[in-house]
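Engineer: First, the structure itself, so that you have it in front of you.
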Amino acid sequence: MIYLVSHIVLLSGFGLLLKDAKNRGHRLNPIGLVNYSTAFILACFLAFQEGNLGFTRLTFAFGLANGASYALGFVLVVAGIRMIGIIVTTAVIRLSMIIPIILSVFFWNERVNFHQKIGILTALVALPLLAMKTESTTTDDHTKERQKSKITLVIVVLLFINSGVGHLAMKGFNEMCPIDQKPMYLVFLFLVTTIPYLFVCFGKRQLPNYIELFYGILIGFCNITGSGMFLVALDYLAASIVFPVSSSGGMLFTTIVGVLVLGERFNKMMALGVVLTSISLVLVNLGLG
């Protein structure tokens with residue numbers, strides 16, 4: 001169980017550390033560059049260590065697609081943190097896993113069980129609630145709030161679709177590519193995520209300072225070790241336990257830290273959306289693995 005708890009804490013660290021860095025006034029682009037550069041270097045090291053540098057066209061394509069999703073996802077996460085906070089942003093990203101679940105029915109003839117169907121319906125109810133913001137009663141503020149609400153809705157939709165595409169690329173790789181090509185898949189993934197931030201940071205002359213370097217390496221460490229802990233947890237616990245506890249536990253941990261430590265606030269509709277998200281995540285993960 002310690003591996004599962006470690007996975008939940010570490011993987012939640014990505015968004016929580018970004019939120020903390022933003023609250024402290026640090027630049028997020030250099031942090032993103034260091035984060036993905038660290039992951040790219042480690043992926044290259046893993047590929048050379050295993051000595052398997054071969055790859056198929058599908059591995060290359062899925063890696064590029066997933067990398068593009070990660071690169072755009074970082075921008076959307078930053079926008080989400082500014083507009084709706086890390087808790088709601090995390091909820092939207094986690095709900096996006098219903099996209100590959102639904103499309104797997106058509107692409108790989110997988111079956112969706114009863115619990116997953118209820119979970120998908122619950123997710124569809126939760127999504128619009130997560131995009132709701134309380135509007136002001138004054139005329140001028142009311143107009144501004146309506147504009148913000150529209151922007152919020154766009155961010156939520158883009159986050160959901162983009163994250164779903166990333167999950168679908170991962171699913172496609174697992175279904176259609178040799179598993180021993182995973183190191184090269186990760187190399188292509190993090191290469192694509194690193195290049196845009198190189199151009200952005202050098203173009204804006206935003207080289208990371210020591211604190212941003214620390215944040216970037218720490219976030220990269222959380223991403224990589226968190227995923228590793230998940231795989232180890234599957235060796236000791238049943239998948240029927242690991243998948244739902246991982247999803248709902250990560251959502252719960254992010255919510256607790258976001259509210260108590262980072263000072264996140266949201267209205268009743270958003271709070272209901274977060275609760276429904278946690279329920280949906282448990283249901284859609286039942287039977288996975």
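Since every read-out is calculated from the coordinates, none of them should be taken as a lab result. Model, not experiment: these values are computed from the prediction. Using ideal geometry, Cβ is built from the backbone for each residue, glycine included, and neighbour counts are taken over all protein chains shown.
Engineer: Among ARG94, ARG57, ARG82, which one moves the most in a GNM of the chain with springs linking Cα atoms closer than 10 Å?
Structural biologist: It is ARG57.
Engineer: So, one more: Any idea what the relative contact order of the stretch 2-285 is, in percent, if you count C-alpha pairs under 8 Å spaced at least 6 apart?
Structural biologist: 45
Engineer: Also, quick follow-up: Which lysines, on any chain, are close to LYS182 with Cα under 27 Å apart, when same-chain ones fewer than 8 places away are left out?
Structural biologist: Cα-Cα hits under 27 Å: LYS171.
Engineer: Next question. Divide by every residue of the chain the summed helix terms, -39500 (n - 2.57) for each DSSP H run of at least 4, and state the resulting mean residue ellipticity at 222 nm, rounded to the nearest 500 deg cm²/dmol.
Structural biologist: Here the helix-only value at 222 nm equals -28500 deg cm²/dmol.
Engineer: Then there is this: Have a look at PHE62, PHE48, PHE40 and tell me which one the Gaussian network model of the chain (Cα, springs below 10 Å) gives the largest fluctuation.
Structural biologist: Greatest mean-square fluctuation among the candidates belongs to PHE48.
Engineer: Between GLN206 and PHE107, how high is the FRET efficiency from 1/(1 + (r/R0)^6) when r is the Cβ-Cβ distance and R₀ = 45 Å? Nearest 0.05.
Structural biologist: 0.65
Engineer: Okay, next question. So what is the orientation-averaged projected area of the chain, using the convex hull of its C-alpha atoms, in nm²?
Structural biologist: 16.0
Engineer: Using the Kyte-Doolittle scale, which helices in the chain average at least -1.0 and also have C-alpha atoms spread 15 Å or more along the helix axis, with helices defined as whole DSSP H runs?
Structural biologist: Long hydrophobic helices here: 2-23, 28-50, 57-83, 85-95, 114-130, 139-176, 182-203, 210-236, 239-260, 268-285.
Engineer: Give me the distance in nm between label points sitting 7 Å out from Cα along the Cα-to-Cβ direction at ASN267 and ILE179, one decimal.
Structural biologist: For the pair ASN267/ILE179, the computed spacing is 4.7 nm.
Engineer: Which of the lysines could a cross-linker span from LYS144 if the Cα-Cα distance has to be under 16 Å and same-chain partners fewer than 8 positions apart are dropped?
Structural biologist: Reachable lysines: LYS133.
Engineer: For the stretch 33-190, just run the numbers: alpha carbon Rg, then divide by 2.2 N^0.38 Å, N being how many residues it has.
Structural biologist: Normalised Cα radius of gyration, the stretch 33-190: 1.25.
Engineer: Mind checking which of LYS204, LYS22, LYS148 has the largest fluctuation in a GNM of the chain, springs on alpha carbons under 10 Å?
Structural biologist: LYS204
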